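Below: the structure, in structure tokens.
The values are calculated or read from the model by the stated rules, or taken from the named source; none is laboratory data. All of these numbers come straight from a predicted model, not from anything done at the bench. Using ideal geometry, Cβ is built from the backbone for each residue, glycine included, and neighbour counts are taken over all protein chains shown.
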Amino acid sequence: MAYLLITFLNDTAMSSSRPNILWYCTDQQRFDTIGALGNAFVKTPCIDQLVSQGVSFTHAYCQSPICTPSRSSFMTGMYPSRLHNTRNGNESFPDFPPVITKLIADSGYTCGLIGKFHLQSAGKRTEPRIDDGFSYWKFSHAPRDDWQQGHDYADWVRSNGGDLNELRASEERVPADLHQTTWASERAIEFLRMQTAEKPWLLNINVYDPHPPFIPPKAYADQFDPAQMPGPHFRESDLIQQRRLAAIDYQDEIRTPEEHNAQLCQALYYAMIALIDEQFARILDCLAERRQLSQTVVIFTSDHGEALGDHGLMYKGCRFYEGLVRVPLIFSCPTRFRSDLRCDSLVELTDLSATLLNLCGIDIPAYVQGKSLLPILLGQPTHNPPRSFVRSEYFDALDSHFTGGSGTFATMYRNAQYKLSLYHDKNLGELYDLQADPWEHNDLWHMPEFQDVKHQLILDSFNAHVMLTTDVGSPRIAPM
């Protein structure tokens, strides 16, 4: 990785105020998939370097374990229910508030999007544009050739002599040189070479991997031996627990790790992340070559996680286990921020939204529910953590016909010690002590000695939901 060998001192002088923003967002990547943050089985040298040169928020939570509500939330800084955008497959996106890239573009940034957006349905159509602020738009919802027009990635594959549908069905799968993750890097490099020092820019890159199906290029799959994988976080008692929750929406059946072939899935998932890491490095190399690293805040995150066999589950749905709602969140800009800092404070992806606005010199609107993380990034002393709790929501987020469910409504409330999950329409819940049971195998919901704790958390969760998601209407202009 050439960028590691180029010192920041060789960069052009840092912009006096507003940095460039390189915002790389994967799809369905768990928090525990980075070598430098404790995973000995993955291959992430580029992201590891980002960790050593930046600030890693090790307890960052998405606001929904499903794509559209999560992305809608961090693109506005509001909870999905407050935004009124809680489902995948939705017809349209609310007219208000504007997405943060619109505010950033209006402030003078050149904004680009590569890959997935998914604030609205892209089923049976190319996702319609909104007033999003992007002057550079290279769209690819998923690495399939399902759209007759507007799918830049499929057009690129065809222009290079490939056929996506044939490649996906082949034994070798889509090779790395024609992969969507590679296309995203090609487009990112194109965007970066178009920029000048006179105007700041923001580039939002949204690759589809490591989202299922788990089909990395064979050359990458061959690097990971399923027999050497650690396997999921699973106990036999998890099957009893998941059968108790079987009426709640989920994408896949409850199975043992062997029935899921979980170690193979884990190996393929890690292979997809290895390709992401290599292609991410190419983008940072380009930044280094253009002497822009010191002027650029680099962010690495994901929209939500993946069960990957934990608790007898694969893929995603209405559950709030750590693998599903806890995601990577790394900021790096050594000329501005602390380096090699691991922050274990509870944060949300709404806080990413507020931080982006803060970095771009934009006043954070009153409706934004995130809190800027800039004081932590700058190493400023703080007397209190950003949050005493985090929330996540699932309100009829997946098509119940697809999941075999019934349109579940559920919320999660997590404080420093406990996590409470409430499945409101099913009269079911879960309670875990994350200090004693970090992988959530021992449900305390029915245990007599935890009833006071449960009742207090139910009240705290209800109060948080009312205060943070109630739409009180138009602004107040007078006392009466």
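Tabulated data for the structure shown
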| read-out | value |
| --- | --- |
| Identity of the residue in segment 111-153, under 25 Å from Pro200 (Cβ atoms) and among the basic types (Lys, Arg), that ends up nearest to the chain's Cα centre (by Cα) | Lys116 |
| Subset of segment 245-283 (residues that are closer than 18 Å to Gly231 by Cβ and touching a Gly at 6+ places or on another chain (Cβ under 8 Å)) | Asp252, Ile254, Arg255, Thr256, Pro257, His260, Ala262, Gln263, Cys265, Gln266 |
| Asn160 vs. criteria surrounded by fewer than 21 Cβ atoms within 10 Å (Cβ to Cβ), more than 28 Å from Ser294 (Cα to Cα), among the polar types (S, T, N, Q) and in contact with a helix residue (DSSP H, G or I) (Cβ under 7 Å, 6 or more places away or on another chain) | yes |
| Members of segment 90-110 found to be under 18 Å from Gln63 (Cα atoms), surrounded by fewer than 22 Cβ atoms within 10 Å (Cβ to Cβ) and either among the polar types (S, T, N, Q) or within 18 Å of the chain's Cα centre (by Cα) (or both), listed by number | Asn90 |
| Tyr413 vs. criteria within 22 Å of the chain's Cα centre (by Cα), of a type in the set (Phe, Trp, Tyr) and either at pLDDT below 95 or buried (at least 20 other Cβ atoms within 10 Å of the Cβ) (or both) | yes |
| Filter result for Leu444 (under 30 Å from Ala366 (Cβ atoms) and in contact with a helix residue (DSSP H, G or I) (Cβ under 7 Å, 6 or more places away or on another chain)) | no |
| Tabulated pairs, segment 210-226, first in contact (Cβ under 8 Å) with a residue 60 or more places away in the chain and within 18 Å of Thr182 (Cβ to Cβ), second in a loop (DSSP other than H, G, I, E, B) and among the basic types (Lys, Arg), C-beta under 8 angstrom, 6+ apart or interchain | Gln223/Lys43 |
| Boolean, Leu434 is under 18 Å from the mean Cα position of the chain (by Cα) and among the hydrophobic types (A, V, I, L, M, F, W, C) | no |
| Tabulated pairs, segment 18-40, first closer than 18 Å to Phe320 by Cα, second of a type in the set (Gly, Ala, Ser) and at pLDDT below 95, C-beta under 6 angstrom, 6+ apart or interchain | none |
| Segment 328-364: number of residues that are among the β-branched types (Val, Ile, Thr), surrounded by fewer than 24 Cβ atoms within 10 Å (Cβ to Cβ) and more than 16 Å from Thr76 (Cβ to Cβ) | 2 |
| Subset of segment 74-129 (residues that are closer than 21 Å to Gln180 by Cβ, free of Cβ contacts under 8 Å to residues at least 40 places away in the same chain and of a type in the set (D, E, K, R)) | Lys124, Arg125, Glu127, Arg129 |
| Residue in segment 249-261 that is buried (at least 22 other Cβ atoms within 10 Å of the Cβ), out of contact with any strand residue (DSSP E or B) (no Cβ under 9 Å at 6 or more places or on another chain) and in contact (Cβ under 8 Å) with a residue 40 or more places away in the chain present | yes |
| Hits in segment 296-330 - residues which are under 16 Å from Ser56 (Cα atoms) and among the hydrophobic types (A, V, I, L, M, F, W, C) | Val297, Val298, Ile299, Phe300, Val327, Leu329, Ile330 |
| Some residue of segment 287-300 being farther than 23 Å from Pro438 by Cα, free of Cβ contacts under 8 Å to residues at least 60 places away in the same chain and not aliphatic (A, V, I, L, M) | no |
| In segment 451-461, residue nearest to Gln369 (Cα to Cα) [restricted to those that are out of contact with any Ser or Thr (no Cβ under 9 Å at 6 or more places or on another chain) and of a type outside the set (Val, Ile, Thr)] | Asp460 |
| Test for Gly323: is it in contact with a strand residue (DSSP E or B) (Cβ under 7 Å, 6 or more places away or on another chain) and buried (at least 19 other Cβ atoms within 10 Å of the Cβ) | no |
| Residue, surrounded by the fewest Cβ atoms within 10 Å (Cβ to Cβ), within segment 116-157, restricted to residues that are among the aromatic types (Phe, Trp, Tyr) and more than 17 Å from Arg87 (Cβ to Cβ) | Trp137 |
| Filter result for Tyr367 (of a type in the set (Phe, Trp, Tyr) and surrounded by 15 or more Cβ atoms within 10 Å (Cβ to Cβ)) | no |
| The listed residue being in a loop (DSSP other than H, G, I, E, B), in contact (Cβ under 8 Å) with a residue 12 or more places away in the chain and crowded, with 21+ Cβ neighbours inside 10 Å, out of Leu420, Leu398 | Leu398 |
| Qualifying helices (runs of 4 or more DSSP H) (wholly inside segment 53-163; at least 1 residues being touching a Cys at 6+ places or on another chain (Cβ under 8 Å)) | 67-76, 100-106 |
| Residue among Asp452, Asp425 that alone is over 30 Å from Asn88 (Cα atoms), without any contact (Cβ under 8 Å) to a residue 40 or more places away in the chain and not in a strand (DSSP E or B) | Asp452 |
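Here is a yes/no grid of residues against (1) touching a His at 6+ places or on another chain (Cβ under 9 Å); (2) in a loop (DSSP other than H, G, I, E, B); (3) at pLDDT 95 or above:
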position	(1), (2), (3)
Gly405	no, yes, no
Trp439	yes, yes, yes
Leu457	no, no, yes
Ser474	no, yes, no
Pro479	no, yes, no
